[in-house]
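Asker: Quick one: the structure is below, and I'll ask about it shortly.
The values are calculated or read from the model by the stated rules, or taken from the named source; none is laboratory data. Please read these numbers as outputs of a predicted model, since none were measured by experiment. Backbone-built Cβ (ideal geometry, glycine too); neighbour counts: all protein chains shown.
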């Protein structure tokens, strides 16, 4: 995959950092909405991972482009979702989503273990 010659590497970092901020915000928002404590722990862990990714990207930007100022977009370019659901549909989707998210979290932790990444900050229930 080739990168468009008009796009400079230093222009990608702010967008990537904005994406990490947005992802952390989504996980934190879900954390406040979900009642399942195990899932709340996983969402908290994922939000902290996004914070860590943001810090890594900021460090890489400073290391590679010390002469440039990092200006992260104030808002995401991602459109906001505005879907109205009845209670039964919302409950069914929430149960399906929570199950999928639990599976995704466990797979991400397993991939980290296989890659030799320590998961010491992982919720206790996910470490088994």
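Asker: Could you grab the pairs with beta carbons closer than 6 Å, sequence gap of 6+ or different chains, first residue in the range 102-113 and under 19 Å from residue 31 (Cβ atoms), second one modelled with pLDDT of 70 or more and assigned to a helix (DSSP H, G or I)?
Answerer: 105/42
Asker: Kindly indicate whether any position in the range 21-35 is surrounded by fewer than 19 Cβ atoms within 10 Å (Cβ to Cβ) and not in a helix (DSSP H, G or I).
Answerer: Yes, because at least one residue in the range 21-35 is surrounded by fewer than 19 Cβ atoms within 10 Å (Cβ to Cβ) and not in a helix (DSSP H, G or I).
Asker: Now, a different point. Could you list, in sequence order, the residues of the range 46-56 that are surrounded by fewer than 19 Cβ atoms within 10 Å (Cβ to Cβ) and touching a residue at least 40 places away in the same chain (Cβ under 8 Å)?
Answerer: Within the range 46-56, 48 is the sole residue that qualifies.
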